[in-house]
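A short reminder: the numbers here are calculations on the coordinates, not readings from a lab. In this text the structure is predicted, and so the values were computed from the model without any measurement. Every residue, glycine as well, gets a Cβ built from its backbone with ideal geometry; the counts of neighbours run over all protein chains shown.
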Amino acid sequence: MIPIQKFYPPRFVAMLLAGLSMAAILYSSTQSSPKVAGVNQSFVDHVLDFAHFPVYSFLTLLLFLTFRSFEFRFQAITFLMAAFFGIFNEFVQLNTPGRSFSVKDMIVNALGSLFMLAFLNFCNKKSS
């Protein structure tokens, strides 16, 4: 099996992509929920709610690649950065018309982050 470290991009690339991802998440949070013609709005909202998990998993992957360490302290920092960004993002939505503050979204964001860290640790243990 190929070690996961073989696939690391340069740190500045990971850092840049993490920053761009955060900017894209913030931008999308300031937009009203899209209205899709012919589709129940409740369904659209559920799809968008589900999107939190993979989006924050991907953000956590990019943050992890910035630190490139399986040490607990770096993983804790990675998790806290993603989780606090998710909390901040929900507070931004408080003042956005058509958006709402949701504790459930913050929990799903944190779970997406934890899932990615667990997955990375699993892959690391498999390759060593």
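Assorted remarks:
- Helix axis angle, 103-127 relative to the chain longest principal axis, alpha carbon, degrees: 20
- Positive-end residue, the range 41-128 charge dipole about Cα centroid, Cβ charges, pick of Ser42, Gln75, Leu94: Gln75
- For the chain, the longest principal axis of the C-alpha atoms and the axis of helix 72-94 are separated by about 10°.
- Over the range 51-102, relative contact order from alpha-carbon pairs under 8 Å, at least 6 apart, %: 24
- Descending Cα extents along the principal axes, the chain, whole Å: 50, 26, 24
- The chain - charge dipole about Cα centre, Lys and Arg +1 at Cβ, Asp and Glu -1, debye rounded to 20: 440
- Degrees between helix 41-67 axis and first principal axis of the chain (Cα, 0 to 90, nearest 10): 30
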